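To keep things clear, I will list the structure first and then write my remarks on it.
The values are calculated or read from the model by the stated rules, or taken from the named source; none is laboratory data. Every value quoted in this text rests on a predicted model; they were computed, and no experiment measured them. We place every Cβ from the backbone using ideal geometry, glycine too, and count neighbours over all the protein chains shown.
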Amino acid sequence: MIHCRNVTKKFRDFTALDDVSFEVPAGISALIGPNGAGKSTLLKILTGLISPDTGEVRIGGLDISSQSIEIRRIIGVVPEDLGLFDSLTIREHLEMTGPIYGLTKPQTRERMNDLLLMLGLDHARDTFLNQCSYGMRKKTALAMAILHAPRVLFLDEPFEGLDPVVSKTVQNLLLDAAKQGATIFLVSHTLSIVEQIAKEIMLIRGGRIVWTSSQDDGRRPLEDLYFELVESQHLEPLRWLHLRQS
Amino acid sequence: MVALAAVLKALTQAVKRDLATLRSIGLNNFFFFGVLLVYSSLAGGRRPLAAIPFLVLIGLVMLLPMSSDPLGKIPASRFSLWPLTGRQRLLLRIASLGLNPVFWLALPLLALLVREPVSAFLLLATIAGSQCISSVSARSLRLSPRMNPLLYLPSLPGRFGGMVRHNLRQIVSVLDFYVALVLSVGASAYRWLSPQPEPRAFLALSMVVALSLSTYTQCFFGLDSGGFSRYRLMPLRGWQILLTKDTAYFLVLLVLVLPIGPGPGLTFGLVSVVLGRYPALAVRTRQYRWRFTSGDGRFGISQMIAGAALGVAEYEFGAWVLAAVVCVYVAALYIAGRYWDEAI
């Protein structure tokens, strides 16, 4: 469903992505890696927010450089900056999104009510986004991504800022969508959740894919693998951090 | 005292930064217009009396955002968590008064007006009124977000109605709109209340209303910040996105110039949108709510000259000038839409 071939992206002298190639089938796939590894850059290229310097990206058989509008119709995205407007309420974001994707007013209203209830946003539906907590903003972006039932979902850190109940709800929702044939590509630091729900896992470091679950027969915990392949923990204690006895 | 000094130092820094955003007026077309009036009067050897009402209007409109409580810049949760005593909090409240720019403005003015008690009283009443409006509205919105009047701005029908509403809200959250509103209300009052209104005055007034909104056309995306990526994820062509911005702008402009003289005002507005398109798309200068918008002086001056010339032409030669400008606008929208699709 997602084809990415020989993608390279440089920002001046810094190579954010270096000849990245992979294919993502239907189901849930996850991309993990440390900060600055190139995860969000890759997600921006896959969603057409930035162009690669070289390489080819196809989503659902459509070429991202020449068929970007067609691709935007079939994808739902939670971008890194969430892409929300401060001057609209949560409800108004969804009311605006539905018609843009061809939903009728009753369809939009019905789906909006379902999503607001499911994500625990119903009580805050008339709150302006600049008055919302980070978790509420994240849930709004999630609801906007899902509203038009896209074939492909791109989610940047979908579980960050969510309470455990909503996080579980979103996991179930994604698993259900994957069962229905949707393709879900998520970027996350929450290794425990990724391990539970993702069928395919890719690990990126320094702009290169350094490990994929499909090429690894071992059954090691993801966390161990992550620390081995990506970075080791900083174990030096802070000498000044000792609580005063009062 | 060390804790108080630290808080006051941070607060001073925050107020300084906040005041720096007020400098946006320096690159606003309405300010250019005021400066032009002053210059032309002085060059003609006259006192710049014609400019005074416009400069006073700018000052009065700026008074509202300047009246905000400096202590409000500290997040309430952070303020209540700091280990400060009640006495320290009271001292901070008193000291913060000195950080209020309105307080600095009021002191020298009151000193000047010490022998004119009526004027001094009016000044004090204006300052106190703006302080009250500012703090009561901020408090009410914090306690009850449903009191926000923007919430009741209805959505327009159609596929892009929600987007137009969003753009309408952005327009009414910059000070340019309030200058245009005051001018429009004043001009309408003159039309309906004056026994013999001068017909040519409406040509000038209509264009001044359009001029006061013209800088906004250079920064259509200046208030979107994080939301800008959302536009790029929508399955829409560039011209469709731009049209939602333009529709909101023309709706506001039409309402404001309709009672005065829609032809010259709309012509000015169309010219402003065409000439403001490049900075709006390519530069995208960040703007701040409750401030005047700031643009690029070169584009601003060309907007003023071309807008005024074609506005007068519309008044003198009729609606075909407006029709020709609409054609140019449509062509410019097409070109800008292509630019969006290919380069943004």
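Structure data summary
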{"item": "The one condition in (1) surrounded by fewer than 12 Cβ atoms within 10 Å (Cβ to Cβ); (2) modelled with pLDDT of 80 or more that residue B:115 fails to fulfil", "result": "(2)"}
{"item": "Any hit, the range B:115-123, residues being of a type outside the set (Val, Ile, Thr), assigned to a helix (DSSP H, G or I) and within 27 Å of the chain's Cα centre (by Cα)", "result": "yes"}
{"item": "Set A:91, A:73: member being within 24 Å of residue B:164 (Cβ to Cβ), under 19 Å from the mean Cα position of the chain (by Cα) and either within 11 Å of chain B (Cβ to nearest Cβ) or hydrophobic (A, V, I, L, M, F, W, C) (or both)", "result": "A:73"}
{"item": "Any pair with Cβ under 9 angstrom, 6 or more apart, that starts in the range B:283-311 at a residue that is among the aromatic types (Phe, Trp, Tyr) and ends at one that is in a loop (DSSP other than H, G, I, E, B) and surrounded by 15 or more Cβ atoms within 10 Å (Cβ to Cβ)", "result": "B:288/B:174; B:288/B:222; B:288/B:223; B:290/B:68; B:290/B:173; B:290/B:174; B:292/B:28; B:292/B:174"}
{"item": "Residues being at pLDDT below 85 and either more than 10 Å from chain A (Cβ to nearest Cβ) or part of a loop (DSSP other than H, G, I, E, B) (or both) - total across the range B:141-161", "result": "9"}
{"item": "Those residues of the range B:168-221 which are of a type in the set (Lys, Arg) and under 25 Å from residue B:290 (Cα atoms), in sequence order", "result": "B:169"}
{"item": "Residue list for the range B:11-35, filter: hydrophobic (A, V, I, L, M, F, W, C) and in contact (Cβ under 8 Å) with a residue 40 or more places away in the chain", "result": "B:11, B:14, B:15, B:19, B:22, B:25, B:27, B:30, B:31, B:32, B:33"}
{"item": "In the range A:35-70, the residues that are within 13 Å of chain B (Cβ to nearest Cβ), more than 23 Å from residue B:338 (Cα to Cα) and of a type in the set (S, T, N, Q)", "result": "A:40"}
{"item": "Count - residues of the range B:226-237 that are assigned to a helix (DSSP H, G or I) and either over 18 Å from residue B:278 (Cα atoms) or within 7 Å of chain A (Cβ to nearest Cβ) (or both)", "result": "6"}
{"item": "Boolean, residue A:143 is of a type in the set (Gly, Ala, Ser), within 28 Å of residue A:1 (Cβ to Cβ), more than 10 Å from chain B (Cβ to nearest Cβ) and part of a helix (DSSP H, G or I)", "result": "yes"}
{"item": "Sole residue being touching a residue at least 24 places away in the same chain (Cβ under 8 Å), in a helix (DSSP H, G or I), buried (at least 19 other Cβ atoms within 10 Å of the Cβ) and not hydroxyl-bearing (Ser, Thr, Tyr), chosen from A:174, A:162, A:155, A:186", "result": "A:174"}
{"item": "Residue satisfying condition, being more than 7 Å from every other protein chain (Cβ to nearest Cβ) and modelled with pLDDT of 95 or more, within set A:118, A:112", "result": "A:112"}
{"item": "Among the residues listed as A:204, A:193, A:209, the single one being in contact with a Lys or Arg (Cβ under 8 Å, 6 or more places away or on another chain) and modelled with pLDDT of 90 or more", "result": "A:204"}
{"item": "In the range A:14-48, the residues that are polar (S, T, N, Q) and assigned to a strand (DSSP E or B)", "result": "A:15, A:21, A:29"}
